[in-house]
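Every number here is computed from the coordinates shown, using simple stated rules; none is lab data. Keep in mind that what you see is a predicted model, and the values were worked out from it rather than measured. Cβ sites come from the backbone with ideal geometry, for glycine too, and all protein chains shown count toward neighbours.
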Amino acid sequence: MKIDLFRLLLTSLLLTVSACVKAETVPLVTDTFDSVSNWSAIGAGTAKATVTAEKTRNGSSMRIDFDFTQGGGEVMVHKSVPMTLPENYAITLKLKGKGAYPLELRLIDDSGKNVWRYSHPELSAPLDLQPLRVKQHQFAFAWGPAEGGKPQKLGLIEFVIGRGAGGKGTLWIDDLKLEPRQPDQAYSGTPVITASGSFTGQDARNLLNESSDTGWHSPPNR
C-alpha cells in the first residue's frame, strides 16, 4: 500500500514538472514563413524593400531585398501580432545575409506609439542561417508617451535595416518564435568569500559586511 502511494505521488510530481516545462517552452508566436502575405515592407525616403517567401531545404525563409542606392535612411518590415506579452519571454530566430548593415528588432505596442528595440549597430550577417536569441531584458525603451517600462500589449514585431554604407543587400529570416520564460528570480542565497590567508580581524568575510570598518588584507609573502 505504501509503495503504491509512493508511486502515485511520484507520478503526480513528474506530470506537474512536465506540464510546467511544457508551458514555458511552447511558443506564443511562431512563423515559419511559408507565406509572407502578413508582412509589410516600407522604405523610408527613396529606400526600397521587398519581402518574399523563399523555399529552403527545411521549409521556407522570409527574404528581404533592400536597396539604398538612391538614398533613404532605413527599411522597415513588420507584422501585426496583437497579444498580451508574458512577464518574461525571449524572441528567437535564424538569419543570414549579404553585407553589413545596422539591424534592429522592434516591439511596438498596440497603440503604435511606444517602441522598444534591440539594436545591432553593424550586423555582418553570416552566409548560412545562424540562431539569434533576444531576451526580454535586452529590449530597451526607444520612444513614446509611455516614457519607459516594459511593453504589455504587443501590436507589431518589426525588423529595421539601416542604410549603413548604402547599396543593395539581402537578409533572410527563418523560424521566428516568441517563447515564454520563467520570471527572473531575485538572488536569495548567501554569498560566501574565502581567502587562503588573512591578518587577524581582517578576514575576507569583511568584504561582504557593509558595516565593517575593516577590510581584508592578505598576510605578507614568506
Summed side-chain charge close to E104 - residues other than E104 whose Cβ falls under 13 Å, Lys, Arg +1, Asp, Glu -1: 0
Binned Cα-Cα distances of the stretch 42-121, short to long, each 10 Å bin given as a whole percent: 13, 41, 36, 9, 0
Can you give the log10 of the normalised intensity I(q)/I(0) at q = 0.12, 0.19 Å⁻¹, computed with Debye over equal Cα scatterers of the stretch 27-180? -0.48, -1.25
